[in-house]
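This report concerns only the one structure given below.
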Amino acid sequence: FKFEEQRGPTLLVKEPIGVCGFITPRNWPLNQLVCQEAHDLAALPCTGLDVVACGDAHLVNFGGFATPERRLVFDINDFDEVAVAPWEWDVRRLAASFVVAARARARRPSAARAAAVACARAYREHMARYSEMPVLEAYYESIDLKAMLLQSTDEDLKKATLRRIRKAQTESAHLKEFTRLAGQKGEAPRIRDEPPLIYHDPDLQRQEGFEALARAMLEDYISRLPPERRLLVQRYRLADVANKVVGVGSVGTYCGIALMVSGGGDPLFLQFKEARASVLEACCGRMPMRHHGERVVFGQRLLQASSDIFLGWMTGRLSGRHFYVRQLRDAKIKPMVEVMKPEHLAAYAGACGWALARAHKRSGAAVRITGYLGGSDAFAEAMGDFSVAY
């Protein structure tokens, strides 16, 4: 690891890594491999039908989470790379990720291909269904996580996930995180240091006026929220801020958590993540938003059936970095891919294909995409072949 331009740790690849015939330079950070795939996809034929694409559609980027109405839905849950791009790019990336997962679990080659085919088939079938639905009816549709799970034939996986759902619905996510991540020092609650994953940056916090800068950033975030959400957030005060290391896809970016406390002592954890240019923008151009945090928020609000009520964006006062803000772990249910049997991996692939079609149809391209895909399995079989080859 090294620190580069004070942007945080960057994982360096010791040896060049070949990806589909291209060579990754030695000093590329790990998340640049996503950029490498975008480069690969940009060289392939496409229909010319663009959508607001997730940009990072892979099987672990889907899962369950709580809506503002406290229902648990299944959907895409990460939008850092959102961009206007060909719909095929998301489908190809998602289908190929199932082949990678199957190989990682030493599944048969036929099982790996079957999962990719199931993903593409579900995308085509649900896109065709959306093309025939009234616009508002299609827009309002969401995927109920519990109802989807009850259709599973893997009883052990079903029981384990249902337990996680019950736990998520009965526990307050913020109270649980407060117990795990924070403690009381005198009158003020503080985030507990757990280096190297959670820590207070001493150099940053020793700077004169640090608290004023943190509050100014918070005010910038609040000012960009819709008025009714603004009133809600203003019932909390900022208690503490700390750096937080997140997943490998965000290596090298500046991320952290803020602990907010209401007048009655209720905790609220907000996560802020640096938003940089989408890796797709080098291939398909920049979206009209000047702020990358706004780009991510726009993509999430459009593509998700129901988004976080605290979703917003802000600008760093010292660095000028772009950030987006969301709740920290609001009843999230991650997929248990590592324990899925081949037939259940294919079923999960179908669910992801459905969720991707539900997101893409919000760009208004369902009829045109369906007109191209037709009613046969030719597209699904082609995606199976592509995924195995890639």
* Taking the condition out of contact with any Lys or Arg (no Cβ under 9 Å at 6 or more places or on another chain), free of Cβ contacts under 8 Å to residues at least 12 places away in the same chain, more than 25 Å from F210 (Cα to Cα) and assigned to a loop (DSSP other than H, G, I, E, B), does R301 pass? -> no
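Does at least one position in segment 356-378 carry a residue that is in contact with a His (Cβ under 6 Å, 6 or more places away or on another chain), open to solvent by 20 Å² or more (accessible area, probe 1.4 Å) and in a helix (DSSP H, G or I)?
No, every residue in segment 356-378 fails to be in contact with a His (Cβ under 6 Å, 6 or more places away or on another chain), open to solvent by 20 Å² or more (accessible area, probe 1.4 Å) and in a helix (DSSP H, G or I).
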* Select from segment 211-251 the residues that are open to solvent by 40 Å² or more (accessible area, probe 1.4 Å), of a type in the set (A, V, I, L, M, F, W, C) and assigned to a helix (DSSP H, G or I) and list them in ascending order. => A212, L213, L231, L232, V248
* Asked: Among the numbered criteria (1) touching a strand residue (DSSP E or B) at 6+ places or on another chain (Cβ under 9 Å); (2) open to solvent by 10 Å² or more (accessible area, probe 1.4 Å), which single criterion is violated by E69?
  -> (1)
* Does at least one position in segment 124-132 carry a residue that is modelled with pLDDT of 85 or more and part of a loop (DSSP other than H, G, I, E, B)? -> no
* Structure fact -> Among the residues of segment 68-85, the number that are under 24 Å from G384 (Cβ atoms) and either in contact with a Ser or Thr (Cβ under 7 Å, 6 or more places away or on another chain) or assigned to a loop (DSSP other than H, G, I, E, B) (or both) is 0
* Breaking point among (1) within 29 Å of E211 (Cα to Cα); (2) in a loop (DSSP other than H, G, I, E, B), for F323 -> (2)
* Are any residues in segment 49-64 open to solvent by 20 Å² or more (accessible area, probe 1.4 Å) and part of a strand (DSSP E or B), and if so, which ones? -> D50
* Matching entry among G264, G293 (being at pLDDT below 90 and either within 19 Å of F310 (Cβ to Cβ) or not charged (D, E, K, R) (or both)) -> G264
* Asked: Within segment 284-294, is there a residue that is under 21 Å from F65 (Cβ atoms), open to solvent by 30 Å² or more (accessible area, probe 1.4 Å) and either of a type in the set (G, A, S) or touching a residue at least 24 places away in the same chain (Cβ under 8 Å) (or both)?
  -> no
* Structure fact -> The one condition C46 fails out of (1) among the hydrophobic types (A, V, I, L, M, F, W, C); (2) in contact (Cβ under 8 Å) with a residue 60 or more places away in the chain; (3) over 23 Å from S306 (Cα atoms) is (2)
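Matching residues to (1) of a type in the set (S, T, N, Q); (2) in contact (Cβ under 8 Å) with a residue 60 or more places away in the chain:
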{"position": "H58", "(1), (2)": "no, no"}
{"position": "T67", "(1), (2)": "yes, yes"}
{"position": "D80", "(1), (2)": "no, yes"}
{"position": "L94", "(1), (2)": "no, yes"}
{"position": "A104", "(1), (2)": "no, no"}
{"position": "A116", "(1), (2)": "no, yes"}
{"position": "C119", "(1), (2)": "no, yes"}
{"position": "M127", "(1), (2)": "no, yes"}
{"position": "L150", "(1), (2)": "no, no"}
* Out of all the residues in segment 188-204, which are modelled with pLDDT under 85 and under 23 Å from R326 (Cβ atoms)? -> L204
* Which residue, of C46, C35, is open to solvent by 10 Å² or more (accessible area, probe 1.4 Å), hydrophobic (A, V, I, L, M, F, W, C) and either closer than 21 Å to F379 by Cβ or modelled with pLDDT of 80 or more (or both)? -> C46
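The values are calculated or read from the model by the stated rules, or taken from the named source; none is laboratory data. Computed from a predicted structure; not experimentally measured. Please note: Cβ atoms are built from the backbone with ideal geometry, for glycine as well, and neighbour counts cover all protein chains shown. Please note that ligands, DNA and RNA were not included when accessible areas were found on the heavy atoms of the full protein model with its side chains. Shrake-Rupley method; radii C 1.70, N 1.55, O 1.52, S 1.80 Å.
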